Amino acid sequence: MYLVHETCTLYGCQVTGDRLTKAAVAERALRLADEEGLEAVTVRRLAKELGVTPMALYWHFKNKDELFLGMVDHMLSGVRSDPRTGESWQKRLRAVVETVIGVMRAHPSLPTLLHSVDKTRTESFNRATNDTLALLTEAGFTVEEGFWVASYLLNGCIGIVGAQPGCPPGLPSDQEPEWRRQKRVQLEGMPADRFPMMVELAASYRDEPDMERYYAFCADLLLAAVESMAAAGGSQHR
């Protein structure tokens, strides 16, 4: 079984009394990053959002780099594997992947953050990587190969979320039908003799995409390669 341990609910941390918690600061910073982009997250802006002076934030984060690391650490706190469950490595690895995808869906700023900081300086990332390496060595890979696989899985999760079907992020819901209509017309207008499959794809824009089906399909696709190589002998496969 996989447990997501969170200090507070999504965007639900509050400043209690006179105590400004580290989790509350990270949550508010995440809200800013998700809604306005990472560039909106500054110590001064964050202090204003929380109703405190910038100096109050330095108790938890000495600078912007530490703040970004704290945001990553907070987001990945629920990515962990419990070896005591008795489940197969395949099921445990799938749960890790699905948890990472879920966090990225909830926090679209995470991929940018992961590329902006040295994530190996965070406890939660190192723990998640260590747990994943343990699963992959159980599957028959060497530690080095396991790290390659873990990197493939992380980047795969980023790609899956970034390429999700449907309207562009942030588009008002009342504008989505028109966006899909225009996309469908654009594809239907392509030369059928040169791009027959693209024209056929147009029909998929008639309705809202089934996001859960998309993510389940992509998780299967991502993990199939790992399971196939493990079945072929892991480190013996060339």
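The values are calculated or read from the model by the stated rules, or taken from the named source; none is laboratory data. Since the model is a prediction, treat every value here as computed from it, not as a measurement. Every residue, glycine among them, receives a Cβ derived from its backbone with ideal geometry; neighbour counts consider all protein chains shown. For the accessible areas, the whole protein counts, side chains as well, though only heavy atoms, and no ligand, DNA or RNA atoms are used. Shrake-Rupley method; radii C 1.70, N 1.55, O 1.52, S 1.80 Å.
The listed residues are S88, S151, S124, and the only one of them that is at pLDDT 90 or above and under 24 Å from T42 (Cα atoms) turns out to be S124. Cβ-Cβ contacts under 7 Å between residues 6 or more apart (or on different chains), taken from a first residue in region 23-40 that is open to solvent by 10 Å² or more (accessible area, probe 1.4 Å) to a second residue that is β-branched (V, I, T), are listed as A23/T7; L38/T112. Applying the condition of being crowded, with 20+ Cβ neighbours inside 10 Å and among the hydroxyl-bearing types (S, T, Y) to region 69-98 and asking which residue is farthest from A225 (Cα to Cα) yields S77.
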